[in-house]
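First comes the structure, then the notes that go with it.
The values are calculated or read from the model by the stated rules, or taken from the named source; none is laboratory data. Since this is a predicted model, take the numbers as computed values, not measurements. Cβ coordinates were reconstructed from backbone atoms using ideal geometry, including for glycine residues, and neighbour counts include every protein chain displayed. Surface areas here come from the heavy atoms of the whole protein model, side chains and all, with no ligands, DNA or RNA. Shrake-Rupley method; radii C 1.70, N 1.55, O 1.52, S 1.80 Å.
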Amino acid sequence: MNENPESISQLLARMESLLKRQELFSREIEALRGEIYRLKAAGELKKSSGQEENEIEKISNENLAGGNTFDYRARPVRTWDANPPQAAAKTSKPVKISMDLEKFIGENLINKIGILITVIGVSIGAKYSFEHDLISPMMRIVLGYFMGLSLLGIGLKLKNKYKNYSAVLVSGAMAILYFVTYAAYTIYQLMPQGLTFALMVIFTVFTVYAALNYNKQVIAHIGLAGAYAVPFLLSDDSGHVIILFSYMSIINVGILVISFIKYWKPVFYSSFLITWLIYYSWFNLSYQTNQHFEIALSFLTVFFLIFYISFLAYKLRKNEKFGNEDILLLLTNSFLFYGIGYSILNNPETGKQLTGLFTVCNAVIHFIVSVVIYRKKLADRNLYHLILGLGLVFITLAIPVQLDGNWVTLLWAGEAAILFWIGRTRSEPVYEILSYGLIFLAFVSILQDWGSGPYLKQPLGEIVPLFNINFLTSLLVLASFGFISFLNQKIQRPAAVNIQKEILKISAYAIPAIFLFTLYYSFRMEIASYFQHLFADSSVEITAEGKRFPEIYTNSDLLQFKSIWINIYSMLFLALLSLVNIRKLRNQQLGFINLGLNVLAILVFLIADLYLFSELRETYLDQTLASYYPRGFIYIGIRYLSMAFVAGLFLTTSRYIRQEFLKTDLKIYFDLLLYISIVWIASSELIHWMDMADSSQSYKLGLSILWGVCALLLISLGIWKKKKHLRIAAIALFAVTLLKLFFYDISYLDTISKTIVFVSLGILLLIISFLYNKYRHLISEEVNIPGE
């Protein structure tokens, strides 16, 4: 039996009370639902029906939470909710569109067009009266003020009942008052300067107050930004640029005030665009250094600061994150200021020596703002990084503006290393991205240093190889690039660092590529510069017998030595790079690039260097101008020194192709390159020694026999090593030899020579055939595995 009947009765009573209250809530919710759909059918509700349904359901569920099973939706539908929500939405849609369009045209568009036409009409009428002198200047001003103040009074009178319409009238009235005041001072000189600017300030303050009080951008648009039209509608070409820019500054201060409070972006954008367009047009068309230098620079600074502060005002006040349009606006404002300011100062008569200081001042402004934002924590880190980045950009620009030559390169390279270090170690992607631009600038700058060769005009005695300004600059830049490459390899980007994938891919290849190119070219330039100095210093004047004036001669062989030594250095560099990658880095991409460069260096040796050796040999044999330029053993020995480096490059390439990290079989291609090079070099040696021996026998005969012997050796090697590609290459070589014999050699050889070459090649062919027959079982059983 129940021991507490009184307690149970109380609980049942409370439950009944709650159920009644729940039913009352459900009725109120249904009533609200019906009213909402009625308002929606009348076109007063802007949200979509789906969102409303979700919100109402959410509120209903929150009120019905608690586990009760009562469902108000199961109750009969009231007469005021006869149409289901879906039907109401469908039937109300065309009514909504029609009513919204009509409302927009009747209440918003027509009044704005009307006030615009009114202002234009007043302007045209005023201009007509000015041109035809219909009324006195004083009466024109009085009527203008009367029109503006009347319109203002009507607008203020209608504010309570017709706020939107009143706002349009007030804005038009303020535009007219601006017009009249500007005309009274500029055209008719009816007002002193102090009174004019006092009125302008009053109008601006009132317009700002009205815009904020009405909370309508249209007042700011028509009353402030629209006032920019005054100087052009009433201009008489008097050239009062100070008045024009002072007038614009007052208007822009009003924009600044609004920015602190409202930050209506359309108003700000229109003022920004119109101001810089007017200023830039005047600067291009009317600026004269001797008249406008101080004026142009002063108002340029004023406009820049107004818009800079306006931009920061709302961002710092509302802590709003900036988007792409904000970045574009800030950059445009900063670079317009700098670009025009630099053009003003970059004049020998005014301040060319101040361009570097001006650039640094730009950087200081951004640095100060960034420090204030950082210390006071006034905005998000992205805005801080953007402004700090601007400061770094202008510091970077100040380097070439104030300095020149090697200092520019050094400072850019050092700055790039510091920014990359901060960005990578502190996980700050902004600094890393900025460093990429500086790396590129430093790289381009050092290329210019190498290309200009400012010290080439100095005598060789004044230049110490490896201890001159250009090479030391290259080493310091190289150290910066090496430091960046080391960080790029050793310190991985944290997952939280957000850098675009495209930038990551480019930097992964570009940074080591720039480092290696700088490393290679730094020493290459020293070799080239050394021989270029020798060539310049080799100039002599020789007066030939029977001539009155001397002729100037130079030792052109030095240029050939330069090319040969550069290729020797290139082969050494590539061989060392190959060993580093094989033993330490083991990078596949670098491996393929390295192999391609190795092949290129070998081809340069075969095509260019062997030809240069022949030219040096001719000079050595002829001893041309030997009394002025010694023609020693180096003219002959340089070819064998080069061959030693070619052999070393082949050895490292051979090791390369056997590395597993390449994951590609390149043995066949290596064999073909190796044996083609051997035949090529052997042919060059044959010609070389026949010339050295002053042989009267044509080397055409010797080359044909040599190629036949090489073909025989290749076939023998192909059978022995079971390399089909070598045998095919040998047959191809023999075919070329026979074609050469029949279509070229035979026309130049005498009978004995023909006999020798035909017999020799015939014997070689018989030997080749014999080898094929003798070892046919090996050839037929050969398993052709790629690479073997």
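Do we find that L603 is among the hydrophobic types (A, V, I, L, M, F, W, C) and open to solvent by less than 40 Å² (accessible area, probe 1.4 Å) in this structure?
So L603 fails the test.
Of everything in region 570-628 that's of a type outside the set (D, E, K, R) and not in a helix (DSSP H, G or I), which residue is nearest to D694 (Cα to Cα)?
Initial filter on region 570-628 (of a type outside the set (D, E, K, R)): 570-582, 585, 587-608, 610-614, 616, 619-621, 623-628.
Applying the additional criterion that residues be not in a helix (DSSP H, G or I) yields 587, 623-628.
Details: N587: 51, Q623: 15, T624: 17, L625: 21, A626: 20, S627: 23, Y628: 25 Å.
Within region 570-628, the match that is nearest to D694 (Cα to Cα) is Q623.
Which numbered condition trips up W565, out of (1) of a type in the set (A, V, I, L, M, F, W, C); (2) open to solvent by 60 Å² or more (accessible area, probe 1.4 Å); (3) closer than 30 Å to F661 by Cα; (4) touching a helix residue (DSSP H, G or I) at 6+ places or on another chain (Cβ under 8 Å)?
All conditions pass for W565, except number (3).
With the structure loaded, tell me whether Y520 is modelled with pLDDT of 85 or more, open to solvent by 70 Å² or more (accessible area, probe 1.4 Å) and among the hydroxyl-bearing types (S, T, Y) or whether it fails that test.
Against the criterion (modelled with pLDDT of 85 or more, open to solvent by 70 Å² or more (accessible area, probe 1.4 Å) and among the hydroxyl-bearing types (S, T, Y)), Y520 does not qualify.
Look at F311 and say whether it is under 27 Å from S171 (Cβ atoms), open to solvent by less than 30 Å² (accessible area, probe 1.4 Å) and touching a residue at least 60 places away in the same chain (Cβ under 8 Å).
In short, no.
Need the failing condition index for W689 against (1) surrounded by 17 or more Cβ atoms within 10 Å (Cβ to Cβ); (2) out of contact with any helix residue (DSSP H, G or I) (no Cβ under 9 Å at 6 or more places or on another chain); (3) not basic (K, R), just the number.
Evaluating W689 over (1) surrounded by 17 or more Cβ atoms within 10 Å (Cβ to Cβ); (2) out of contact with any helix residue (DSSP H, G or I) (no Cβ under 9 Å at 6 or more places or on another chain); (3) not basic (K, R) leaves (1) as the failure.
Condition first: open to solvent by less than 50 Å² (accessible area, probe 1.4 Å) and of a type outside the set (A, V, I, L, M, F, W, C). Now tell me which residues in region 156-198 satisfy that.
S166, S171, G172, Y178, T181, Y182, Y185, T186, Y188, T196
Scan (1) under 20 Å from T181 (Cα atoms); (2) of a type in the set (S, T, Y); (3) surrounded by fewer than 18 Cβ atoms within 10 Å (Cβ to Cβ) for the single condition Y247 breaks and write down its number.
Condition not satisfied by Y247: (3).
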